Amino acid sequence: MRFDPHLDAESGPNIDHLLRANFPTEFEANLVDILRKSRRMCAEHGLWDKGALVGYVGYSPVRIEGMDTKRQIWGLGPMVIDAGHQRQGHGKHFLEESLDYIEVDAVVLLGHVEFYSRQGFRPAIEFGLRYGEDDTRESAFFAMECWKGALEGHSGRVLYEDVFYRE
Ligand SMILES: CC(C)(COP(=O)(O)OP(=O)(O)OC[C@H]1O[C@@H](n2cnc3c(N)ncnc32)[C@H](O)[C@@H]1OP(=O)(O)O)[C@@H](O)C(=O)NCCC(=O)NCCS
């Protein structure tokens, strides 16, 4: 397994294939395609196994509604491990390497509760951060401070790039 912190433009078809094969709808593949083409991805990391892309994680910028902060907060996702490689600890190690690599103040994400709650993420509401206006997705919304106190004084609705809301 090889961690790749610099997925280049040529990795597009590999990423697209991985996302289409492992998410139930095309939403994630289309989302990443738009974010890549509009150069809105902050970072993208890959996991390769014998020339095949088996893991992917992308980060994009988020804002807190009505707040002008100097803190750099990234939204993690989508993240995926290919089905044939899941539940073998690869996701955990990949995420650790990825989070070690990025240099930001905090990370938020909407995702798999059992997985992320074991990787050091806390329910975002504990920091006063919300995903949306309604409560339907709040239990799957997580946050992590990259240094203690990074999210102090930061609360409210987290806003992703517009394309995240086009379902
Ligand atoms: C979520 C995902 C990234 C986890 O990757 P993974 O390589 O399977 O995870 P790991 O093997 O490192 O799991 C670490 C721990 O997380 C938990 N976990 C992972 N997947 C889980 C699942 N499907 N159900 C319950 N717990 C899970 C377990 O505690 C696991 O430890 P264990 O296997 O010893 O019980 C992967 O399953 C995936 O890509 N799923 C499809 C896409 C997706 O849902 N992405 C997340 C939303 S952006």
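The values are calculated or read from the model by the stated rules, or taken from the named source; none is laboratory data. Bear in mind that the values here come from a model prediction, so they are computed numbers and not experimental data. Backbone-built Cβ (ideal geometry, glycine too); neighbour counts: all protein chains shown.
Counting residues in region 121-130 that are charged (D, E, K, R) and closer than 20 Å to residue 23 by Cα gives zero.
Within region 149-166, being surrounded by fewer than 18 Cβ atoms within 10 Å (Cβ to Cβ) and small (Gly, Ala, Ser) holds for 149, 153, 155, 156. Taking residue 21 as the residue in question, decide whether it is modelled with pLDDT of 95 or more and either loosely packed, with under 14 Cβ neighbours inside 10 Å or touching a helix residue (DSSP H, G or I) at 6+ places or on another chain (Cβ under 8 Å) (or both). Answer is yes for this residue.
Evaluation of residue 11 against the conditions (1) among the polar types (S, T, N, Q); (2) away from the ligand (no atom under 14 Å from the Cβ); (3) under 20 Å from residue 145 (Cα atoms); (4) in contact with a Gly (Cβ under 8 Å, 6 or more places away or on another chain) shows that the sole unmet condition is (3). Whenever a residue of region 56-75 is at positive phi, its partners that are at pLDDT 95 or above, lying with C-beta atoms within less than 7 angstrom and at least six residues away or across chains, give the pairs 66/156.
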